[in-house]
Each structure stands twice: as C-alpha cells, then as structure tokens.
Amino acid sequence: MKRLFLLAIATFLVLGCNAQNWDINTLKKINGIDNSFVTGSSKVISKTEPYIALGIPLLLGGYALMEKDRGLLNSAIYIGTSVAEAVVVTSGIKYAVNRDRPFEHCPDLIEKRASASSASFPSAHTATAFSLATSLSIKYPKWYVIAPSYIWACSVGFARMNEGVHYPSDVIAGAAIGSGCAVVNVYVNKWLNKWLLPNSSLKLADY
C-alpha cells in the first residue's frame, strides 16, 4: 500500500511538471510571435474585448425596450447575465488561486506587452468572450453567428497569450468557464426573468 501511495505521488508530480513545461513552452512560442500585425491586432482585440462583451447585450436590451420586443429582451438578459456570471466566477477563482502572471514568473522568457494587475488564472477576457460567443450561438444557432463569434473568442485567447499576460492553461480554463456559464444560465435565466419582470407588460415568455 505504501509503495502504491508513493507511486501515485510520483506520477502526479511527473504529470504536473510535464503540464507546467507544456504551459510555458507553448506560451513562449505564442508570445515569441513579434510580427507587427500580430502584436498590433492582439493589442486591439485585447483592449476592445470588454466593451464588446458588455456592449452587445446592452445594445440588444436597449433596442428591445424601445421596440417592446419580448423575445429580444429575453435574449439580451440571458446574454448579459451569462457574461456577468463569467466575470463573477473568474474573479472568485483568481482570488482563490492567486497565480502569478507569466511575465512575473518567467520575466527572462516572456515579454510583457500589456498591463495586468489581477492574478493570472483563469483568463477573464477569454471567459467573457466565450460566454458571449456561446450565449449568442445558443440564442441564434446560425453559422453566420456561431463562426464569427467563436473565431473572435479564440482570437481573444490568442491575444492574451501573445501579450504575455496569460498561460495557455489560463485561456483554456477561461474558455471552459465562459462556455459553461452560458449553458448553465439557460436554466438560471428562467428564474431571473421572472424575478426581474414579475408583473411587467414586457414579461418574458418561457425560455
């Protein structure tokens, strides 16, 4: 039994070291791309991501209220709360894990191309991008919505790594959290719509 226990610990440590090596080695390759078009695009995508993730549901909601469109308001609330949930979840995990940014942990290997003050794991930019992409795809399951949404979300994750502010594992975790929040929120949104608009003339139909 003792030998099995020691073997399990050794296996865990080896796998952990291999995963850590993959994380930093992959990041080095992506961060090492210093082509002006790539770095410039990464900067623009990274800076505009929060405005897009928050702006789209706000614009949809504002238009729905003006037009008194129940279905569109339903979609706007669902998409907006999915993004908000991704922010809350990632913020909590960041605080609990408190992982150093790659440029802090490996300053001799990773070039810092963007400012970042919070912890590294998981990527909040990636989480909100994938939450937006997944919720849009659920509400509007058309190829011309799904394809651009996920291409943009993947670009956000790539941009954060190219800027040296996130490991690949941060980005993968962020993508999983964001997509998961959008899926879970399908059910949460049913309750939330009733709570927000209990007796309104704009009361939403069942999800």
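Nothing in this text is a laboratory measurement; each read-out follows from the coordinates by a stated rule. Since the structure is predicted, the reported quantities are computational estimates derived from the model, not experimental observations. Don't worry about glycine lacking a Cβ; one is built from the backbone with ideal geometry, like all the others, and counts go over all protein chains shown.
Per the Kirkwood formula applied to alpha carbons, region 33-196 shows a radius of gyration over Rh ratio, Rg over Rh, of 1.01. Counted by Cβ distance under 11 Å from residue 102, the other residues give a net charge of -1, where Lys and Arg count +1 and Asp and Glu count -1. Ordering of 87-100, 152-165, 109-122 by packing is 152-165, 109-122, 87-100, highest average first (other Cβ atoms within 10 Å, averaged per residue).
Our estimate of slack between residue 65 and residue 96, defined as 0.36 nm per intervening residue step minus the Cα-Cα distance, is 7.3 nm. Distance distribution P(r), region 33-113, all Cα-Cα pairs, bin width 10 angstrom from 0: 15, 27, 30, 18, 8, 1 percent.
The charge dipole of region 33-196, taken about the Cα centre with unit charges on the Cβ atoms of Lys, Arg (+1) and Asp, Glu (-1), comes to about 520 debye, rounded to the nearest 20. Taking the number of Cβ atoms within 10 Å of each Cβ as an exposure proxy, the fewest-first ranking of 130, 103 is 103, 130.
Given the pairs 28/94; 68/142; 94/190; 43/139, which are separated by over 26 angstrom at their Cα positions? 94/190; 43/139, as the Cα separations exceed 26 Å there.
Taking every C-alpha pair closer than 8 Å and separated by at least 6 residues, the mean separation divided by the residue count of region 33-196 gives a relative contact order of 31 percent. Estimated from the Cβ-Cβ distance and a Förster radius of 41 angstrom, the FRET efficiency linking residue 44 and residue 22 is about 0.90. Multiplying the residue separation of residue 184 and residue 36 by 0.36 nm and removing their Cα-Cα distance gives an extension gain of 49.4 nm.
In region 33-196, if the dipole is taken from +1 on Lys/Arg beta carbons and -1 on Asp/Glu beta carbons about the Cα centre, which of 82, 62, 96 is farthest to the positive end? Value: 62. Each of residue 117 and residue 29 was given a label point 7 Å from its Cα along the Cα-to-Cβ line. The distance between the two points is 3.5 nm. Counting only residues at least eight positions apart within a chain, or on another chain, the aspartates and glutamates with an alpha carbon under 20 Å from that of residue 47 are 34, 111, 163, 170. Computed from label points 7 Å out along Cα-Cβ, the spacing between residue 195 and residue 176 is 2.7 nm.
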